[in-house]
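Take a look at the structure set out below.
The values are calculated or read from the model by the stated rules, or taken from the named source; none is laboratory data. Note that the coordinates shown come from a computational prediction; the quantities given were computed from them, not determined experimentally. Using ideal geometry, Cβ is built from the backbone for each residue, glycine included, and neighbour counts are taken over all protein chains shown.
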Amino acid sequence: MVQIKPHPPLALVNARLIDPEKGVELRGGVLVENGAIKAFGSGVTAGSLPQGLAVVDCRGEVLSPGLIDLRAFVGEPGAEFRETIATATAAAAAGGVTPIISSPETHPPVDDPAVVDFLKRRARDHGRVRVLPAAAVTKQLEGREISEFGLLREAGAVAFTDGSHSIRNSQTLRRAMTYARDFDALIVHFPEDRDLAGSGVMNAGELATRLGLSGIPREAEAIALDRDIRLVRMTGARYCAAPISTTLALDVIAKAKAEGLNVSCGVSINHLTLNENDIGDYRTFLKLQPPLRREEERLALVEAVGGGLIDIIFSDHNPQDVETKRLPFAEADFGAIGLETLLAAGLRLVHAGQLSLPSLLRAMTSRPAEILRLPQGRLATGAPADLILFDPDEPYVLQKEDLKSRSKNTPFDEARLQGVVKMTMVAGQFVHGGPAPGESA
């Protein structure tokens, strides 16, 4: 994570405060001291502060906790040509993401405490925002031998996942869940029946047939998720299904939650804002895993976020080299970048009247913090001062050349978006925007 240095007290005033945990918004400010929130609310105004205190006038823009991204690829170690911690965290800061939960799908994978330590040191030296490593469930992400959960957790792993590698062997996953339960660790699993998904490259259906592409049926997600929930019932593990993309999965999650199981789920921002029709003329930047689904599925996912059934929205940031995307659709790699567009893309749903701003931010801040058991993601006295200031209405056209990520495979290239992050703060320090160095706040 970023190095935390002593910083004089600072007040952010005249803001539209959003408290995602309570679902409320009010006019007020936040007082920051020693990297933490000392006070917040309508009582924090320019007139109520001690003389000489540094003050930032937010000019009525939205001030909220920084976003928490559950699933993002940072490139190190081994894939620096796709992304680095420096570029990933610069992109995150520009997009309002203050902790990144980094994917273990690196080279070597994050299945050894030494790799966790490497990531923490690299983030300390080169990162603008916090990088919190997720460790692999199985060694080498092969789905066979369980990683050393205890040592990895002690080294600093915040969750356990094999990323986009769905664990095929049920006995292996059962053992992993039992192991995780004993260490009170969170399993984040991508539910997909790999045999049923086969060599599919997009959503199975009429459009795939017309495009001449092999499809991945919705049932591949539902069958795997149903198996996972049965294993959760057997073991009592903490479990998060991410990403999900179908109404079939929502049905499984709803029943599991009604039963009282310790289950949560997450969805990528791409599946909330795009559908299979956006693939258009074989646009490989929209070749995603799981695939984009029909519009009816997208609308159901949005409704599930608003109703609280879906807990987390994340970017699924997956930078890919140009050479792996400039290929026929069936041969191109899966994945799209999303750290910088996570908030702006989500605001599409707010502007369309499909979600309230507190509901959107809750799924990006306080709810993932609660599931991951992190102190960030909330407006609360004593909480880390990881904050963002943004104008939800300011329009812009996304140009991939302006992106800070090393790779440019964004599904929103040249899209009209609204929502510009003006300032990002981590532990009371400005990491994007804010007063210029040497300039009075």
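Residue under question is L173, and the condition is that it be crowded, with 24+ Cβ neighbours inside 10 Å and within 23 Å of the chain's Cα centre (by Cα); does it hold? Break it down into steps so the answer makes sense when it comes.
On the way: crowded, with 24+ Cβ neighbours inside 10 Å: yes; within 23 Å of the chain's Cα centre (by Cα): no.
No: the conditions fail for L173.
Take the conditions closer than 28 Å to V350 by Cβ and either of a type outside the set (V, I, T) or free of Cβ contacts under 8 Å to residues at least 60 places away in the same chain (or both) and apply them to K22. Does it pass? Full working, then the answer.
Numbers: closer than 28 Å to V350 by Cβ: yes; either of a type outside the set (V, I, T) or free of Cβ contacts under 8 Å to residues at least 60 places away in the same chain (or both): yes.
Considered against the rule, which asks whether it is closer than 28 Å to V350 by Cβ and either of a type outside the set (V, I, T) or free of Cβ contacts under 8 Å to residues at least 60 places away in the same chain (or both), K22 comes out as yes.
Out of the residues in segment 259-278 that are more than 18 Å from I312 (Cα to Cα) and free of Cβ contacts under 8 Å to residues at least 40 places away in the same chain, state the one that is surrounded by the most Cβ atoms within 10 Å (Cβ to Cβ). Break it down stepwise before answering.
Pass one, segment 259-278, residues more than 18 Å from I312 (Cα to Cα): 259-260, 275-278.
Now narrow it down to the ones that are free of Cβ contacts under 8 Å to residues at least 40 places away in the same chain: 259-260, 275.
Values: E259: 11, G260: 7, N275: 20.
Going through the qualifying residues, I end up with N275.
Among the residues of segment 70-86, is any closer than 21 Å to L417 by Cα and either at pLDDT 95 or above or not acidic (D, E) (or both)? Steps first, answer last, please.
We begin by selecting, within segment 70-86, every residue closer than 21 Å to L417 by Cα; these are none.
No, there is no match, as no residue in segment 70-86 is closer than 21 Å to L417 by Cα and either at pLDDT 95 or above or not acidic (D, E) (or both).
Does segment 187-208 include one or more residues that are more than 30 Å from A330 (Cβ to Cβ), at pLDDT 95 or above, buried (at least 17 other Cβ atoms within 10 Å of the Cβ) and among the hydrophobic types (A, V, I, L, M, F, W, C)? Steps first, please.
From segment 187-208, those more than 30 Å from A330 (Cβ to Cβ) are 187; that's our starting set.
Of the ones still in play, those that are also at pLDDT 95 or above are 187.
Restricting the remaining residues to those that are buried (at least 17 other Cβ atoms within 10 Å of the Cβ) gives 187.
Now narrow it down to the ones that are among the hydrophobic types (A, V, I, L, M, F, W, C): 187.
Yes, that holds for at least one residue.
Kindly indicate whether L389 is surrounded by 20 or more Cβ atoms within 10 Å (Cβ to Cβ) and touching a Gly at 6+ places or on another chain (Cβ under 8 Å).
yes
Given the conditions (1) in contact with a strand residue (DSSP E or B) (Cβ under 6 Å, 6 or more places away or on another chain); (2) free of Cβ contacts under 8 Å to residues at least 12 places away in the same chain; (3) not aromatic (F, W, Y), which single one is not true for A135?
Going through the list (1) in contact with a strand residue (DSSP E or B) (Cβ under 6 Å, 6 or more places away or on another chain); (2) free of Cβ contacts under 8 Å to residues at least 12 places away in the same chain; (3) not aromatic (F, W, Y), A135 breaks only (2).
So which strands (runs of 3 or more DSSP E) stay within segment 1-102 end to end and still have 3 or more residues that are surrounded by fewer than 16 Cβ atoms within 10 Å (Cβ to Cβ) and aromatic (F, W, Y)? Quick ask: steps written out before the conclusion?
Working: elements: 10-19, 24-33, 36-41, 54-57, 62-65, 67-72, 97-102.
In segment 1-102, no matching strands (runs of 3 or more DSSP E) lie anywhere.
Can you tell me which of V97, V55 is farther than 18 Å from I337 by Cα and among the aliphatic types (A, V, I, L, M)?
Values: V97 fails: farther than 18 Å from I337 by Cα.
Sole residue among the options that is farther than 18 Å from I337 by Cα and among the aliphatic types (A, V, I, L, M): V55.
Determine, yes or no, whether R373 is among the charged types (D, E, K, R), under 18 Å from the mean Cα position of the chain (by Cα) and surrounded by fewer than 16 Cβ atoms within 10 Å (Cβ to Cβ). Explain how you work it out, then say what you get.
Working: among the charged types (D, E, K, R): yes; under 18 Å from the mean Cα position of the chain (by Cα): yes; surrounded by fewer than 16 Cβ atoms within 10 Å (Cβ to Cβ): yes.
Against the criterion (among the charged types (D, E, K, R), under 18 Å from the mean Cα position of the chain (by Cα) and surrounded by fewer than 16 Cβ atoms within 10 Å (Cβ to Cβ)), R373 qualifies.
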